[in-house]
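I have placed the structure first, in the form of structure tokens, so that the comments after it can refer back to it.
The values are calculated or read from the model by the stated rules, or taken from the named source; none is laboratory data. Bear in mind the structure is a predicted one, so any value in this text is a computation, not a measurement. FYI the Cβ positions are ideal-geometry reconstructions off the backbone, even for glycines, and counts take in every protein chain you see. Surface areas here come from the heavy atoms of the whole protein model, side chains and all, with no ligands, DNA or RNA. Shrake-Rupley method; radii C 1.70, N 1.55, O 1.52, S 1.80 Å.
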Amino acid sequence: MPLHPALRTYLDELAPLVAQAERDGVAPTPASARAALAGLRAYSAPDASVALVRDGSAAGVPVRVYAPAPGEERDAVLFVHGGGHVAGDLDVYDGSARRTAAASGMTVVSVDYRRAPEWPYPAGLDDTAAVLSRLDEALGGIPWSGRVHAVADSGGAAKVASLAMRDVAEQRTSVIARQVLVYPSLDYTMSGATMTEFGAGYFLSAQRVAWYFDQYFPAGVDRGEASPVSGPFSADMPETLVIAAEYDPLRSEAEEYARRAQDAGARVSIIVATGMIHAFAFVETLVPRDVARLYEVTAGFLADGTVPTRW
């Protein structure tokens, strides 16, 4: 499918600004990356209403809880934000967490993990694992069913996929029942074909991805070994839905991840959001139908494992 016309217009308007910054020698910094991601909220739709929203912590990690029915025992959803392991926080992703809670009817726990470069790999991953292991503390008395799922995008999806890797490697069964990985980052070696095909001019550039990874990983880490696409995989992994964006440099690694997991017997499905770019959920006012579809598909999968045959 062609690139969505609203996104084509957006990218055409963005291109000269990016080119000018490159000519001026403007280098990215953690502060500028965080500000840029936060600025995308200007394209957000009004926040969804959720009955109870409150801040707390678990294992010393800040969290924000979204309970659409705080007096009822609902399933919990571990929500892990993206941002290249550098950007994003509870406030930047507040709208996404609200939409996830409202669409699914489940209680969402959003994790404010430590970010690189101040806290490099594996600090944020360890924070995510810690919150998952202490959900009762995170929920702070809000009743829940005892069943937990996960929803994560981009770098957050890398963390959730990495937790599955850890469980397989250590021969544990994950406590996560179902997980949704939205335009996930799964190959830290950047070896996928679409990293070249869509690596410039489609919002997320290969150059920016490389910069994010340089912030995230300390020297000496084997990035291939750390990549979720490298596995290990097993049939005991959580039931997983991967939602890739058609014009995303990360798309091919999402497809390869799903293929390798399926070959290992895992219940992993993939659907491609046609005409979309990386992080399209942030620009809802430009592509409202597709963002609505994202939350509809996510909620359906979390509820009963439904995977649509087309976007």
(request) Estimate the FRET efficiency between R259 and A27 by the formula 1/(1 + (r/R0)^6), using the beta-carbon distance for r and 41 Å for R0, to the nearest 0.05. (result) 0.65
(request) Give, rounded to the nearest 20 debye, the magnitude of the charge dipole that the chain has about its Cα centre when Lys and Arg contribute +1 at Cβ and Asp and Glu contribute -1 at Cβ. (result) 280
(request) Quick one: which residues, 5+ away or cross-chain, put their amide H under 5 Å from the amide H of L52? H built at 1.01 Å from N. (result) A67
(message) Rolling a 1.4 Å sphere over the protein heavy atoms, what is the accessible area per residue of the chain, to the nearest Å²?
(response) 40
(message) Within 12 Å, Cβ to Cβ, of R223, how many net charges do the neighbouring residues add up to if Lys/Arg are +1 and Asp/Glu are -1?
(response) -4
(message) What are the ³J(HN,Hα) couplings of segment 302-309, residue after residue, when phi is run through the Karplus curve with 6.51, -1.76, 1.60 and θ = phi - 60°? Round to Hz, x for glycine and proline.
(response) 4, 6, 8, x, 5, 10, x, 7
(request) Go through segment 213-223 residue by residue and turn each phi into a ³J(HN,Hα) via Karplus (6.51, -1.76, 1.60, θ = phi - 60°); whole Hz please, and just put x for glycine and proline. (result) 5, 5, 6, 7, 9, x, 4, x, 6, 7, 5
(message) Just to confirm the number: angle between the C-alpha axis of helix 251-263 and the first principal axis of the chain, 0 to 90 degrees, nearest 10?
(response) 40
(request) In debye, nearest 20, what is the charge dipole magnitude of segment 196-252 about its Cα centre with +1 on Lys and Arg Cβ and -1 on Asp and Glu Cβ, if you could check? (result) 200
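For T196, T100, write out the residues from largest to smallest accessible area, computed with a 1.4 angstrom probe and no ligands counted.
T196, T100
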(message) Tell me the net charge near H149. Cut-off is 13 Å between Cβ atoms, H149 excluded, with +1 for each Lys or Arg and -1 for each Asp or Glu.
(response) 0
(request) Pull up all non-local amide H partners of A245: gap of 5 or more, or a different chain, and H-to-H distance under 5 Å with H placed in the peptide plane. (result) Y183, A273
(request) Find out how many positive minus negative residues lie around T107, taking Lys and Arg as positive, Asp and Glu as negative, among other residues whose Cβ is under 13 Å from that of T107. (result) +1
(message) Probe radius 1.4 Å, ligands and nucleic acids ignored: give me the carbon and sulfur share of the accessible area of segment 104-246 as a rounded percent.
(response) 48
(request) For A200 and S57, compute 0.36 nm times the residue count separating them, minus their Cα-Cα distance, and round to one decimal in nm. (result) 47.6 nm
(request) Note the listed values (1) 121; (2) 284; (3) 267, then indicate which one is volume of the Cα convex hull per residue in Å³ calculated from this particular structure. (result) (1)
(request) Calculate for the chain the 222 nm mean residue ellipticity that helices alone would give, adding -39,500 (n - 2.57) per DSSP H run of length 4 or more and normalising by residue count, nearest 500 deg cm²/dmol. (result) -12000 deg cm²/dmol
(request) Rounded to the nearest 0.05, what FRET efficiency do T173 and A15 give with R0 = 45 Å and r taken as the Cβ-Cβ distance? Could you check? (result) 0.45
(message) Restricting to Cα pairs below 8 Å that are 6+ residues apart, what does the relative contact order work out to for segment 48-120? Please round to a whole percent.
(response) 40
(message) I need the phi-derived Karplus couplings for segment 287-298: 6.51 cos²θ - 1.76 cosθ + 1.60, θ = phi - 60°, integer Hz, Gly and Pro marked x.
(response) 9, x, 5, 6, 5, 4, 5, 4, 6, 5, 5, 4
(request) Averaging sequence separations of C-alpha pairs under 8 Å and six or more residues apart, then dividing by the length of the chain, give the relative contact order as a whole percent. (result) 19
(request) Mind giving me the nanometre distance, one decimal, between the label points for D222 and S49, set 7 Å out from Cα along Cα→Cβ? (result) 5.4
(message) 5 Å is the cut-off here: which amide hydrogens, built 1.01 Å from N in the peptide plane, fall below it relative to A177, excluding neighbours closer than 5 in sequence?
(response) V148, H149
(request) Please give, to one decimal in nm, the separation of the simple spin-label points placed at A193 and A6, each 7 Å out from Cα toward the Cβ. (result) 3.0
